[in-house]
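Structure, as structure tokens:
Derivation of every value follows stated rules applied to the coordinates shown; laboratory data play no part. The structure displayed is predicted, hence computed values, not measured ones. Positions of Cβ are generated from backbone atoms using ideal geometry, with glycine treated the same way; all protein chains shown enter the neighbour counts.
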Amino acid sequence: MSCGQKEWEQQFLKKIYEKRLKTVDSVKSLYPYTTKNGRYDAVSPARFNWTCGFWGGIQWLLYEYGKDERFLQRAKVCTDDVAKALSEFLALSHDLGFQFLPTTVKGYAMTGNERYKTVSLYAANLLAGRFNPNGRFIRAWDEGNGAYQGLTSGLAIIDCMMNLPLLYWAGREMEDTRFAQIANAHADTVIKEFVRKDGSVNHIVIFNPETGEVIDKPQGQGYAKGSSWTRGQAWAIYGFADAYKNTGKKEYLDTALKVAKYFIGEMEERLIPPIDFKQPPEVDYCDTTAGAIAAAGMTILKEYAESDAEILEKMICRLLEGAYRNCSFDTEEDSVLQNGSEMYHTKTGIKMPIIYGDYYLIEALMLRNSGLSII
Ligand code: GLY
């Protein structure tokens, strides 16, 4: 059996599910991020950073998949705690979609709990409030981000494409088109200023926050200025595919395809993306999380891609094969997907399991095998 055969993918998903079921009570942290000596809890989690929604999100996905009540209980505990980020006004930047889509929005969709809806709407309003009307972008980080002191009110990053679904969702709930207007304005700016002619994307663009003029396009998490950080390419594929799903705007579909084709071309015969498509040939740095995110994003895109569906399917299969070869199904290791690369390691190549690798891998497999429909 191999990837591309439904049964192989179903077995893959089942193996992840069974591992999580065996460990459902042993992981105590509500915000696991990476493991040390195989254990999530040995690493002190950064409560309420941009990754705080993924563990709760995994619990919701697994509850949806297997209907085991223990996942539901865990999902609720995690989601209730993530909701506290709003009342404590902690770590609330443009990452609100990463934090609240997998938790409160998903929890509302699955349970109808009105409190989850309220929290999600607050989060969406905060995200909308970060829109810069002159520059037509959603501001990324706040002051305190060391590298960009004094410039943060003009920062936008490619990752933010993943936060737009929170705005599309809120617009539908509130019957208010302003949310989609903001999301679309941001996406249009990304097409204009982030997406390069060859289909690759910049990580960061710095705008003058008063005039909207572009000041710089720095290296960000890429290997060098002008390079192609693969997780950023994956965020763009997924984000534009999802923006198309939410709006039906052809330019978003075209952009998702353009970036996806660039990604596929640069992958050549590889199963795991490098950290950066333009990293020097002598380094063998790789990032399984970029592969998992790209597989999920291309799965959404494939639904609408028509004549490009076949090349997308081949790439998704290779990415899932690569992910499988990097998975641990052993309960002595808490995480599933190994060998991700986090933001600080673009230049070191240090590999580690990271919680969003597991999240997007499970999501990709569920999108393909269990009728999961994302928001
Ligand atoms: N959103 C931050 C990262 O992808 O590293």
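Straight-distance candidates among the aspartates and glutamates for linking to residue 84, with alpha-carbon spacing under 18 Å and chain neighbours fewer than 8 residues away dropped: 95, 114. In loop segments of the range 255-296 as defined by DSSP, the GluC sites (Glu not before Pro) with at most 12 further C-beta atoms inside 10 Å of their C-beta are 268, 269, 282. Shape of the chain from the C-alpha gyration tensor: rounded (a/c under 1.5, with a ≥ b ≥ c the square roots of its eigenvalues).
Between residue 134 and residue 39, the modelled labels are 5.3 nm apart [label points 7 Å from Cα along Cα→Cβ].
Separation of the alpha carbons by more than 23 angstrom is noted, of 15/278; 6/278; 19/67; 15/67; 6/258; 15/302, for 15/278; 6/278; 6/258; 15/302. Neighbours of residue 141 by Cβ distance under 14 Å: Lys/Arg scored +1, Asp/Glu scored -1, total -2. Database note for the chain: Cys without another Cys beta carbon under 4.7 angstrom, 52, 78, 160, 286, 327. Given R₀ = 35 Å, what would the calculated FRET efficiency be for residue 331 paired with residue 88, taking r from the Cβ atoms and rounding to 0.05? Once the sixth-power term is evaluated, E becomes 0.55.
Local charge for residue 369 was computed over the other residues whose Cβ lies under 13 Å away, with Lys and Arg +1 and Asp and Glu -1, and equals 0. Remark: the residue 24-residue 214 segment gains 63.6 nm on full extension, using 0.36 nm per residue and subtracting the alpha carbon distance. Loop-located trypsin sites (Lys or Arg not before Pro) across the range 13-122 with a Cβ neighbour count of 12 or fewer within 10 Å are 28, 67, with loop assigned by DSSP.
Only helical runs count toward this figure. For the chain, summing -39,500 (n - 2.57) over DSSP H runs of n ≥ 4 and dividing by all residues gives -16500 deg cm²/dmol at 222 nm. Note: relative contact order over the chain, using C-alpha pairs below 8 Å and six or more positions apart, is 17 percent. Amide H contacts of residue 224: none lie under 5 Å away among residues 5 or more positions distant or on a separate chain (H built 1.01 Å from N in the peptide plane; Pro and chain starts excluded).
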